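The values are calculated or read from the model by the stated rules, or taken from the named source; none is laboratory data. Small disclaimer: the values here were computed from a predicted structure and weren't measured. Methodologically, a virtual Cβ is constructed for each residue, glycine included, from the backbone with ideal geometry; neighbour enumeration extends over all protein chains shown. Each accessible area value is taken on the protein alone, full model and side chains, heavy atoms only, with ligands, DNA and RNA left out. Shrake-Rupley method; radii C 1.70, N 1.55, O 1.52, S 1.80 Å.
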Amino acid sequence: MGSNMAECHPVAFRWPLKAKTDHGAVLMHVDPRFTRTSAACDVHVPIRAGSDIVFLGAIINHVINSRRWNEDPFYREFVVNYTNAATLVNPDFKGTEELDGVFSGLAPDGKSYANATWSYQRNPAPGKGKGGLGPFSDLLLQQLPGRPKTDPTMQDPHCVLQIIKRHYARYTPALVEKVCGCSAEQFTKVAQTMLENSGREKTANITYAVGWTQHTVGVQIIRAAAMLQALLGNIGRPGGGVLALRGHATIQGSTDIATLYHSLPAYLNMPDGRKKHDSLKDFILTEAGPLATSYWGNYPKFAVSYFKAQFGAAATAENDYGYDYHPKITGDHSHMPMMLDMGAGKIKGFFVMGQNPAVGGQNARLQRKALAKLDWMVVRDYFETETASFWRNSPEILSGELKPADIKTEVFFLPAAAVAEMEGSFTNTQRLLQQHDKAADPPGDARSDSWFTYHLGKRLQAMYRDSANPLDWGIKNLAWDYEPEAKEVAPWRIKDEPSAYRVLKEINGYTVADGKPLATFANLKEDGTTVCGAWIYTGVVPEEGKNNAARRKPDEWISPNWGFAWPANRHIMYNRASADSQGRPWSEAKKLILWDPDADSGTKDLSGNPVRGKWVAPSGEGIDFQPTKAPAMVGKDAALGFDWLSGNDAFIMRADGKAWLFAPAGLVDGPLPAHYEPYESPVANRVYRQQSNPVAKVWRTEGNVYHGVADPKYPIVVSTYRVTEHHLSGTMSRWLPWLAELMPELFCEVSPELAAEKGIRNAGYVTIVTARGEIEARALVTRRIKPFVLDGKKVHEIGLPWHWGWQGNAKGDVVNDLSAMVGDPNVSIHEGKVFTCDIRAGRKGGRS
Amino acid sequence: MGISRRKFLKVTSGIVGGGVAAELGILNVDTAAAAAKAGKVPIKSGRQIPSICPYCAVGCGQIVTVDDAGVIVDIQGNPDSPINQGTLCPKGAATLQLVKNEQRWSTVKYRAPGSDRWEEKPLDWAMSRIAELTKKTRDANFNEFQDMPDGKGGTIRKRVMNTYAIASLGGATMDNEWNYLHQKLMHALGVVYLENQARI
Ligand code: SF4
């Protein structure tokens, strides 16, 4: 769902196809459009864009009320042991049934939630822990909560399973018909197939892409899928899971080692002026406090080692490891508000490296106009992108709305090296780090991206070297030495590229005393004796000179010696759940890791006898659990991390060790996925009185006008998407003659019914209009798109790939000129997958 | 555009492509016939360097072939990779044209404020100027403290050590190592408008 895998991740799609041909797997595609993915699947169910939570919620409802799920002991064992289904929730919690579409805690202005009532019922807090773990850990030990209360019979009305039952009771096949627009039979076929193919012997997988993320309820759609998979016992097991198909070569790496405003590397939060983050101690206690009983109990080690990586020898216990000199965020500084603030003149200088917001950004016209407000901008790319040339030939220049002479932006274009021209690593969508070697120097003055940032940093450090201003402490004391060894650059013309190896080694971590790489993150310390840029990557450089990302020995299954899967070469996360509550594989067919009670654990008891029992993985898979923790072991109450977790707490990153069917924390828009209409929708919400996500990110500003609900001026639903032959905003594809010829021109998919209503001819021009912009495209009249009938109302949907712009070999209008800036409240992603528009035959400006 | 049809069909044969264009009737390409005609892809010989496809997150392995003069002459799928077993999609198969492309710029271009044209500039000059602008902009717009809501209707003075005057937007096809260096430098400068395609 939410993915057109055959066209957008074509080579990966070979694997589900192989599962179908070689192993009889059933492939089902639930997606608004009939695509090449649908064509290769056994089942295609079209649903209206933005109705996914109704579809998934109805599967959950179908599953938990089915005979199979209630009678087969497998599900009960999985759910009671590995999820929070049995956990008791605060009796003050009220859900959408009681509050007609919202959850308890909604602020009086309806724009934010306080989540106090979403909490667990807990036993009394434990006595104070022993201490002696370290300065920050000892403080964490003093504030541990009591264990959550549970009802293993799952009958208590406040237990999570009962809450879910009530919450999804109204998500019926009949509701699916009315909201999603498919038939109840189509729905039931999918729900029943999922159920029948999940269990002890079989697992089912759900794969998604940006068709799920780019919504004002994006996070909740994915959560609904994760809940379903947890209920079906499909998490942590081979062939199960929820697989995100991400779009860029190392988009996973850019998330892990975040160049994102809200995150430090390896999923530590960014220090934040809105939170109690006044010192390193406050930062750690605020962030790690609620998580300390999970593996995040090691947060102090991760955080201190990060600051040591940042400031090197200058970071000491006395100066809080330089914490005071690290910036704090103070609000939402993500892409959309960034561009709005740029338009408002707040931002003066802009680095744009390998992105093309003039085409790729939502409400792209507004983003281009923001560029004109800058004092300076640096673009690094291969070609003269639309972002680089906005001042020269953008639609706003051609229309005379802006004049080059009036645009004061000083623009630098710096040519970039291609991947084959530099050494480095990518992290793919499976969390697999893979090394690419350098094959040749880039041409002329083209340089790697790392070169640019490294040399900019070197120049700046030289400029600040003599500054006595404490505000400059951070840049002055930045640990910034990645000089290559002579042999690394010997074959090349360019001698001053930074050493990719030294950077990766710092990301991996090493001990301060001897500079030796850390083999595992278990060796990290909170006393400043270890340096580590991103703890989840530890193990990629396990010893000096060894780079596991460059391992290239494949095998027939998990290929543990091909690249490096973070964390610790674990390919399937939470794989403790691949074994039952006794540590035995659920079945031979689905064996992954298991508890071997006779194996030598490598440790000795107090009298010096070897301790027997450890987790083993015949496939060579990394074990995502404490290696010597027996399944029956009960965790200690006054303890952190692994010591708190019990032998069945498979979900080691969760504070209770369980998969969260109900999210007591971490989400800003509710503990359970509930259906809200897209911010722009052709229909009123049929599920609740609440129309759209109450806490969605909305920016009502000039040029970012929204359409109303069932707006008669904009009655048609539009989805944007990609094609195989282009890549995103096209900077890596529209300039390539082969790809440009394969996919030369922007088109718009239109159903024959809509074409007949509007007089649209196949291959003729159409104009698509929203309150934000107007574009033209060639019509592709196709039965791949069908109107939906929702409760008697016909709703048309059209599809637009968004790769084109005015530069390159394949040119076309910028589809994102149509979309609005509106976003998911958890992660500030936009809603490019669904908004409303109107369409007419003919070209822009009335030409035909 | 200078495309040799024979050349592009050879490389893209047997993989998804051209379907929509053909359906539109724009290209008049009979893809099935073209695929039948194209035959085997010739693999150029030379030194082979393992690489990874620069496009999507599937992470297909590639082999970059370099001739005796050190020039990249071919990029094909890596048959050893357990991910793609030698196959590539049309984008991956076109990677060579990302490297060898007449429209690729290999010198620094500069547009002065208010100007209507690019000028060519030395790399070193551009790096100096960019460093100078970065410092100037940061220093003139640096916030040591800021009043933040205290949650009780008032405000509280917090140390924020940031600048709102510089923003950075990166792509997600750039090395892990770059991501690491870039976040490190931006944080050292106090930049908080730090974003990446990874959000989208
Ligand atoms: S070859 Fe295609 S599927 Fe493979 S990584 Fe490249 S773009 Fe993705």
Check: Of the residues B:Val73, B:Val58, which is touching a residue at least 24 places away in the same chain (Cβ under 8 Å), among the hydrophobic types (A, V, I, L, M, F, W, C) and within 9 Å of the ligand (Cβ to nearest atom)?
Finding: B:Val58
Notebook entry, point to check: Could you say which residue among A:Gly95, A:Gly57, A:Gly105 is in contact with a Lys or Arg (Cβ under 8 Å, 6 or more places away or on another chain) and modelled with pLDDT of 95 or more?
Noted result: A:Gly95
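Can you find, within region A:441-453, the residue that is farthest from B:Leu96 (Cα to Cα) among those that are in contact with a helix residue (DSSP H, G or I) (Cβ under 6 Å, 6 or more places away or on another chain) and buried (at least 23 other Cβ atoms within 10 Å of the Cβ)? Working first, answer last.
In the first step, residues of region A:441-453 are kept if they are in contact with a helix residue (DSSP H, G or I) (Cβ under 6 Å, 6 or more places away or on another chain); the result is A:442, A:445, A:449-450, A:453.
Remaining after also requiring buried (at least 23 other Cβ atoms within 10 Å of the Cβ): A:442, A:449-450, A:453.
Details: A:Pro442: 13, A:Asp449: 19, A:Ser450: 22, A:Thr453: 26 Å.
Restricting to residues being in contact with a helix residue (DSSP H, G or I) (Cβ under 6 Å, 6 or more places away or on another chain) and buried (at least 23 other Cβ atoms within 10 Å of the Cβ), the top hit is A:Thr453.
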Margin query: Report every pair of residues separated by at least 6 positions or lying on different chains whose Cβ atoms are under 8 Å apart, first residue within region A:32-44 and in a strand (DSSP E or B), second basic (Lys, Arg).
Written below: A:Val43/A:Lys189
Margin query: I'm told A:Tyr688 meets every condition in (1) closer than 19 Å to A:Leu800 by Cβ; (2) among the aromatic types (Phe, Trp, Tyr); (3) more than 14 Å from every other protein chain (Cβ to nearest Cβ); (4) surrounded by fewer than 24 Cβ atoms within 10 Å (Cβ to Cβ) except one. Can you identify the failing condition by its number?
Written below: (1)
Margin query: Being open to solvent by 40 Å² or more (accessible area, probe 1.4 Å), of a type in the set (Phe, Trp, Tyr) and outside any loop (DSSP other than H, G, I, E, B) is the filter here; which residues of region A:486-532 pass it?
Written below: A:Tyr501, A:Tyr510
Checklist line | Residue ID - farthest from the chain's Cα centre (by Cα), chosen from residues in region B:82-111 that are under 30 Å from A:His571 (Cα atoms) and among the aliphatic types (A, V, I, L, M) | finding: B:Ile83
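Taking region A:307-319 only, how many residues are assigned to a helix (DSSP H, G or I) and either farther than 17 Å from A:Trp473 by Cβ or more than 14 Å from chain B (Cβ to nearest Cβ) (or both)? Talk me through it step by step, then tell me what you get.
Filtering region A:307-319 down to residues assigned to a helix (DSSP H, G or I) leaves A:307-314.
Retained after the next criterion (residues that are either farther than 17 Å from A:Trp473 by Cβ or more than 14 Å from chain B (Cβ to nearest Cβ) (or both)): A:313.
Count: 1.
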Next item on the list: List the number of the failed condition for B:Pro82; all other conditions in (1) touching a Gly at 6+ places or on another chain (Cβ under 9 Å); (2) more than 7 Å from chain A (Cβ to nearest Cβ); (3) away from the ligand (no atom under 11 Å from the Cβ) hold.
Entry: (2)
Item checked: All positions within region B:61-71 that are touching a strand residue (DSSP E or B) at 6+ places or on another chain (Cβ under 9 Å) and either more than 7 Å from chain A (Cβ to nearest Cβ) or open to solvent by less than 10 Å² (accessible area, probe 1.4 Å) (or both) -> B:Gly61, B:Gln62, B:Ile63, B:Val64, B:Thr65, B:Val66, B:Asp67, B:Asp68
Margin query: Go through (1) free of Cβ contacts under 8 Å to residues at least 12 places away in the same chain; (2) in contact with a Phe, Trp or Tyr (Cβ under 7 Å, 6 or more places away or on another chain) for A:Ala820 and report which single condition fails.
Written below: (1)
Check: Does at least one position in region A:13-25 carry a residue that is part of a loop (DSSP other than H, G, I, E, B) and within 14 Å of another protein chain (Cβ to nearest Cβ)?
Finding: yes
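Among A:Gly400, A:Gly444, which is more than 16 Å from the ligand (Cβ to nearest atom), without any contact (Cβ under 8 Å) to a residue 24 or more places away in the chain and on the phi > 0 side of the Ramachandran plot?
Values: A:Gly444 fails: without any contact (Cβ under 8 Å) to a residue 24 or more places away in the chain.
Step by step, each of A:Gly400, A:Gly444 is checked, and only A:Gly400 is more than 16 Å from the ligand (Cβ to nearest atom), without any contact (Cβ under 8 Å) to a residue 24 or more places away in the chain and on the phi > 0 side of the Ramachandran plot.
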Checklist line | Among residues of region B:123-180, those that are open to solvent by 70 Å² or more (accessible area, probe 1.4 Å) and either under 27 Å from the mean Cα position of the chain (by Cα) or touching a residue at least 40 places away in the same chain (Cβ under 8 Å) (or both), counted | finding: 3
Next item on the list: Check whether at least one residue in region B:94-114 is without any contact (Cβ under 8 Å) to a residue 40 or more places away in the chain, within 11 Å of the ligand (Cβ to nearest atom) and either of a type in the set (Asp, Glu) or closer than 24 Å to B:Met174 by Cβ (or both), and report yes or no.
Entry: no
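Within region A:147-170, how many residues turn out to be surrounded by fewer than 16 Cβ atoms within 10 Å (Cβ to Cβ) and not in a helix (DSSP H, G or I)? Spell out the reasoning first.
Narrowing region A:147-170 to residues surrounded by fewer than 16 Cβ atoms within 10 Å (Cβ to Cβ): A:152-153, A:155, A:157, A:166, A:169.
Then keep just the ones that are not in a helix (DSSP H, G or I); that gives A:152-153, A:155, A:157, A:169.
The number of residues fulfilling the criteria is 5.
For B:Gln85, indicate whether it is within 18 Å of A:Trp735 (Cβ to Cβ), open to solvent by 50 Å² or more (accessible area, probe 1.4 Å) and part of a loop (DSSP other than H, G, I, E, B).
Working: within 18 Å of A:Trp735 (Cβ to Cβ): no; open to solvent by 50 Å² or more (accessible area, probe 1.4 Å): yes; part of a loop (DSSP other than H, G, I, E, B): yes.
For B:Gln85, the condition - within 18 Å of A:Trp735 (Cβ to Cβ), open to solvent by 50 Å² or more (accessible area, probe 1.4 Å) and part of a loop (DSSP other than H, G, I, E, B) - is not met.
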Check: For region A:417-430, how many residues are open to solvent by 30 Å² or more (accessible area, probe 1.4 Å) and either on the phi > 0 side of the Ramachandran plot or more than 16 Å from the ligand (Cβ to nearest atom) (or both)?
Finding: 1
Notebook entry, point to check: What strands (runs of 3 or more DSSP E) lie completely within region B:96-200 and have 1 or more residues being more than 8 Å from chain A (Cβ to nearest Cβ)?
Noted result: B:119-121, B:142-149, B:155-170
Next item on the list: Inspect region A:715-730 for any residue being in a loop (DSSP other than H, G, I, E, B) and farther than 30 Å from B:Cys89 by Cα and give the result as yes or no.
Entry: yes
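I need the helices (runs of 4 or more DSSP H) fully contained in region A:364-416, keeping only those with at least 3 residues that are at the interface with another protein chain (Cβ under 9 Å from one of its Cβ atoms) and buried (at least 19 other Cβ atoms within 10 Å of the Cβ).
Numbers: elements: A:364-371, A:390-393, A:395-398.
Result: empty, no element qualifies.
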Next item on the list: State all residues of region A:741-775 that are of a type in the set (Ser, Thr, Tyr) and in a loop (DSSP other than H, G, I, E, B); if no residue qualifies, say none.
Entry: A:Ser751, A:Thr770
